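The values are calculated or read from the model by the stated rules, or taken from the named source; none is laboratory data. From a predicted model like this one, the values you see are computed outputs, not experimental measurements. No Cβ is skipped: glycine too gets one built from the backbone with ideal geometry, and neighbour counts run over all protein chains shown. Areas reflect the complete protein model, heavy atoms only, side chains present, ligands, DNA and RNA absent. Shrake-Rupley method; radii C 1.70, N 1.55, O 1.52, S 1.80 Å.
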Amino acid sequence: MTDDLPRPPWQMDWTAEARQEFETMPADGRQLILAARAELITAVDPYYRGIDADAGLPHWITVRPLASTAPGGPHIADLAGGRGWLIFTFIRRHADPQITITDAFWA
């Protein structure tokens, strides 16, 4: 065991409601959600902090805090210009960092 901080890929879990929403989406929505999931679990910082926060993301995804007053709280990943989204929380625990998706939507 080392004292190094954990690195990606991160663990990801879904609330039961978000998983059900995902499973009932049309195929094109599920594909985009899975692509966004791949981006989030491999990012050094899933919250994409910084001036050019979305510079490393594909053009179809933007990540921002759900509330500007809580930059360390839940975030939203807007997909395809707002056509869908994932609301998630990243918990940077030392032993087992994890992303939890609490809401998924596709129109």
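Summing -39500 (n - 2.57) over the DSSP H runs of n ≥ 4 in the chain and dividing by its residue number, what mean residue ellipticity at 222 nm do you reach, to the nearest 500 deg cm²/dmol?
Computed mean residue ellipticity for the chain: -7000 deg cm²/dmol.
Keeping all protein chains in the complex and leaving out DNA, RNA and ligands, what accessible area do you get for Glu17 with a 1.4 Å probe, in Å² to the nearest 10?
120
Once both labels are modelled 7 Å past Cα along the beta-carbon direction, what's the Asp45-Glu23 spacing in nm?
Placing both labels 7 Å beyond Cα along the Cβ direction yields 3.6 nm.
Can you grab the distance from the C-alpha centre of the range 63-80 to the C-alpha centre of the range 9-23, Å, no decimals?
Value for the Cα centre distance between the two parts: 17 Å.
Calculated FRET efficiency, Ala35 and Gln98, Cβ-Cβ r, R0 22 Å, to nearest 0.05?
My answer for the efficiency is 0.65.
What is the spin-label model distance, in nm, from Thr69 to Asp4 if the labels are put 7 Å beyond Cα along the C-beta direction?
Label-label distance for Thr69 and Asp4, simple model: 4.1 nm.
Per residue, how much accessible area does the chain have with a 1.4 Å probe, in Å²?
59
Can you put Phe105, Phe22 in order of accessible area, largest first, using a 1.4 Å probe?
Greatest to least solvent exposure: Phe105, Phe22.
Take the solvent-accessible surface of the protein heavy atoms, probe 1.4 Å, and return the percent of it on the chain that carbon and sulfur atoms account for.
Here carbon and sulfur together make up 55 percent of the probe-accessible area.
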